[in-house]
1. Once you place label points 7 Å from the Cα toward the Cβ at residue B:162 and residue A:182, how far apart are they in nm?
2. So for segment A:123-171, averaging the separation of alpha carbon pairs under 8 Å that are six or more residues apart and normalising by length, what relative contact order in percent results?
3. Apply 1/(1 + (r/R0)^6) to the Cβ-Cβ distance of residue B:324 and residue A:96, taking R0 = 41 Å, and write down the FRET efficiency to the nearest 0.05.
4. How many angstrom lie between the Cα centre of segment B:311-369 and the Cα centre of segment A:93-143?
5. Are there GluC sites (Glu not before Pro) in segment B:196-265 that DSSP marks as loop and that have at most 16 other Cβ atoms within 10 Å, and which are they?
6. Could you go through segment B:225-237 in sequence order and give the Karplus-derived ³J(HN,Hα) for each residue, using 6.51 cos²θ - 1.76 cosθ + 1.60 with θ = phi - 60°, rounded to whole Hz, and x for Gly and Pro?
7. How many percent of the alpha carbon pairs in segment B:228-376 exceed a separation of 28 Å?
8. I want to verify the translational diffusion coefficient of segment B:149-269 in µm²/s; compute it with Stokes-Einstein, Rh as the Kirkwood radius over Cα pairs, at 20 °C and 1.002 mPa s.
Amino acid sequence: MNSKSLINPNYDLNPYKKIGEKYENDSLTYLEQYYTKYFLIDSNENTTEDFYIYQAPNKLSSFYFLSLCVIGLSPTHPLLQSSQKVKSIKFNEKISQSMNKKKQIPLEIKREICVITTESGKKYSIKAGVVGWVIDFNMRLDREYDLLQEKPFTEGYIAIIKPKQDDPKKALNHCIDEKEYKDVRTLD
Amino acid sequence: MLRKRYWENDHVRISDETDIWKRIRYSEESNEGVRDHKCYATSEEVLLKLLNRIRLNEDMVSSDYQGEEHPSINILLCKTREKPICIACFDLLYQADTIECLWPIIEGFNSHNFQVKTFNLSVSLPSGHSRQNIIAALEKAPDSDFISIGNCPPLEVKERWKNHPPILEHSAIYVGGNYIKLSRNVSQSPWIINGERLAETSVSECIGEILREKFKCDDYNFVAAGREDSNVRMLGNGRPFYFEIMNPRRPFLSQQELDVAQQEINDTKKDLIQINQLTMITEKDLSIIKEGEETKRKTYSALVWISKIVTPDIIDKLNQYQDKVFTIEQQTPIRVLQRRAQMVRSKIIYSMKAEPLENHFLTLQLRTEAGTYIKEFIHGDLGRTKPNLGDLLDCYADIMALDVLEVDLEWPPK
């Protein structure tokens with residue numbers, strides 16, 4: 001086959017060594033290449049039902065592009081704490097049906113987009129988190145419930161929302177960044 | 001081979017036949033043939049008279065005219081030699097083209113400080129008198145009627161034709177070749193957002209500006225067989241492209257001159273881009289490029305980081321796909337989701353080959369179907385591409401650098 005005769009170019013690894021080290025410490029840091037992590041703290045102080053919101057693309061180029069937000073469960077969310085197993089994940093039907101259609105109205109921050117029920121019967125409501133339109137639900141969660149708890153920060157994301165606010169810096173004003181989040185929730 | 005421009009045709013000569021008609025028409029003695037009116041008053045006077053008549057609804061029948069005629073035919077008969085009446089509006093609109101009518105309007109514009117570019121006055125007929133109906137009515141009218149009120153053949157043209165300088169424009173020509181992109185900071189076409197340039201320069205400008213000089217053209221249009229991100233290099237023989245050169249003042253360059261232009265581009269843009277096989281192409285060849293974007297396979301080389309240490313086992317696991325084809329399902333990547341519709345694309349990976357580098361790094365060479373998102377295959381795009389490299393190796397993977405090694409398209413055509 002022709003491709004066998006093509007030789008790979010030599011790559012100088014020096015520019016990438018630093019990043020490689022960062023990755024070795026925490027496999028999930030690769031996400032920083034593509035997203036800026038924000039966290040949404042639940043205003044109700046009794047619970048720790050927090051969410052992460054990944055804003056794509058990452059900070060460097062987000063000045064120029066309309067950003068999309070990926071919503072998912074943050075490390076302190078109860079669903080990731082105890083051993084409650086997920087029984088069902090139901091995406092809001094009305095939103096599902098009007099997705100990507102012209103008449104879709106933007107959702108408020110507190111609007112429920114998904115309901116997760118555990119085997120013990122407890123229901124958790126997932127809020128939109130950003131004022132905007134839902135572009136896509138993670139349909140893999142429809143069948144693969146384990147994904148939500150096993151890989152909550154990557155493949156187990158819940159939804160992708162296009163923020164109404166054009167300016168990516170302002171769209172997530174109501175959220176806090178990773179550092180602040182760790183302080184507030186007193187994590188490592 | 002230059003076509004004759006339309007103004008180069010011989011000016012149409014009015015034949016001598018018209019003279020015969022002139023004699024019959026304007027003959028005061030003749031009782032046959034065309035009727036004529038003895039009044040040679042100027043159009044305005046005639047018109048004012050007519051309007052008065054119409055307004056007062058006077059009977060126009062007089063002893064000079066015979067038979068039953070449509071009232072409007074009388075109006076037509078009041079023609080002058082110099083200015084035949086308009087058979088559509090009977091010159092009624094002509095009254096607008098007079099100083100009496102226009103002056104108040106012009107004064108109004110001036111006093112309101114309006115700037116008027118053109119002033120059009122027109123009348124649209126009620127639907128019963130549509131163009132179709134008029135055509136149908138005219139077709140029913142016998143030739144003799146037409147001859148009696150019209151000119152057949154048309155009157156001799158008295159005014160000399162005016163000669164405006166023609167606007168000459170050469171039709172577009174096409175020149176094609178392949179480009180190699182060596183820089184990771186050059187986009188394919190100018191990338192400017194909010195007035196700010198995001199990439200150092202672009203492939204189209206690097207080549208196009210020099211072509212602009214050589215062809216002395218108004219503008220150019222750059223088309224390539226697919227595109228790569230600005231941080232992705234294009235290596236190997238390069239990516240096929242063509243330029244549409246608009247209105248070249250020097251449309252015919254020899255292959256030798258094109259070779260000189262190619263050398264100039266390669267010398268001045270040394271570390272950015274290189275081009276090869278720059279040559280003139282025909283319009284028929286253009287579709288090959290579009291086809292190239294949509295159907296042709298591409299070969300890539302990627303520098304990959306994985307969360308496991310690279311061992312011979314891992315390399316072997318990947319190399320089993322050297323001759324084994326597999327399919328991946330890609331949902332629209334999140335980084336393009338804002339401009340493209342959400343959908344699942346099935347893409348074929350024809351071949352994959354891995355080579356170890358130190359530690360967590362390896363290089364991957366892939367040959368894939370057109371339209372495959374390579375970056376997403378490697379990092380998985382949050383699971384939206386399945387299976388992804390991480391799945392095959394049961395770890396996390398990320399792409400450090402990407403290069404296109406080959407675009408499987410023969411170009412320029414022989």
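1. Placing both labels 7 Å along Cα→Cβ, they lie 8.0 nm apart.
2. Details: 50 pairs, mean separation 22.3, N = 49.
Answer for segment A:123-171 is 46 percent.
3. Values: r = 38 Å, r/R0 = 0.92.
So the FRET efficiency works out to roughly 0.60.
4. 31 Å
5. Details: sites: B:196, B:200, B:205, B:209, B:213, B:228, B:244, B:257, B:264; in loops: B:200, B:228.
Those that pass, being in a loop and sparsely packed, are B:200.
6. Going residue by residue, I get 7, x, 8, 10, 4, 5, 8, 10, 7, 10, 10, x, 7 Hz, with x marking Gly and Pro.
7. Numbers: 4410 of 11026 pairs.
When all Cα pairs of segment B:228-376 are counted, 40 percent exceed 28 Å.
8. Values: Rh = 17.2 Å.
Roughly 124 µm²/s, to the nearest whole number.
The values are calculated or read from the model by the stated rules, or taken from the named source; none is laboratory data. Not measured: the values here are computed from a predicted model. Because the Cβ atoms are built from the backbone with ideal geometry, glycine has one as well, and the counts that use them run over all protein chains shown. With ligands, DNA and RNA removed, areas are computed over all heavy atoms of the protein, side chains included. Shrake-Rupley method; radii C 1.70, N 1.55, O 1.52, S 1.80 Å.
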